[in-house]
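First comes the structure, then the notes that go with it.
The values are calculated or read from the model by the stated rules, or taken from the named source; none is laboratory data. Keep in mind that what you see is a predicted model, and the values were worked out from it rather than measured. Neighbour counts run over all protein chains shown; Cβ positions are idealised from the backbone, glycine included. The area values use the complete protein model at the heavy-atom level, side chains included, leaving out ligands, DNA and RNA. Shrake-Rupley method; radii C 1.70, N 1.55, O 1.52, S 1.80 Å.
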Amino acid sequence: MEGIVNLPLFLVSCVALNVMPGPDTIYLVTRSIAQGRRAGLLSSWGLCTGALVHTFAAALGLSAVLSASAHAFSAVKYAGAGYLIYLGVKTFFDKSGPLSTENEPAAPASGCRIFFQGILVDLLNPKVALFFLAFLPQFIDHKAPNKFLTFLLLGVILVLFSLVWEGILVLGSSRLSGYFTRNENSGRRVNRVAGSIFLGLGVRMGLI
């Protein structure tokens, strides 16, 4: 493709980066087990939408602000950590059984809320922005006529790989959801585990 160098290596890197477990993977699997396939897919689409925003921001050079300003980086990092900790506390003390982000235990979780939570989890992680800024330029030809469009194209390819891999994770993880939905006590234990995981991710994001 015009403007892209080492495309085969980039494609291999996309596979490797996606199959390597990370905070997004843990978040997605936890959601899928606790709430099922629908919530898992919506979370995945939210995460990928956030990644596309990061790609666009990095292509414009906005992510460079995070790299240059320690205060901006810290503000975004702590906001993301605080949001995950909030989700963790809310989930840990939820007595409805399966993980729910709604106030009414019997009602299905709002699809829009799950989707936008996924976006926020990704957007409030400044390391994702810096990753795009550092990784994607490695595969852009310095002679490319339109580096902005080449940057966006690379980001879209990476996100498409993420959609496929995360879909596989959701389908596999969500198979366990039905068991926890039918067993109230087990579902509550999942809430505590899921809440602890979200808390751990938040603390980890805040400390690292």
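Below, the figures for the structure above:
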quantity	calculated
At R0 = 22 Å, FRET efficiency that the Cβ-Cβ distance of residue 175 and residue 26 yields, to 0.05	0.80
Ranking by accessible area, most exposed first, for 83, 78 with a 1.4 Å probe	78, 83
Extension gain, residue 70 back to residue 92 (0.36 nm per residue minus Cα-Cα distance, nm)	4.7 nm
Nearest-10 value in Å² for the accessible area of residue 4, using the 1.4 Å probe	20 Å²
With all protein chains modelled, accessible area of residue 38 [1.4 Å, Å²]	120 Å²
Ranked order, 148, 10, 56 - accessible area, probe 1.4 Å, largest first	56, 148, 10
Förster radius 35 Å - calculated FRET efficiency between residue 78 and residue 143 (Cβ-Cβ, nearest 0.05)	0.30
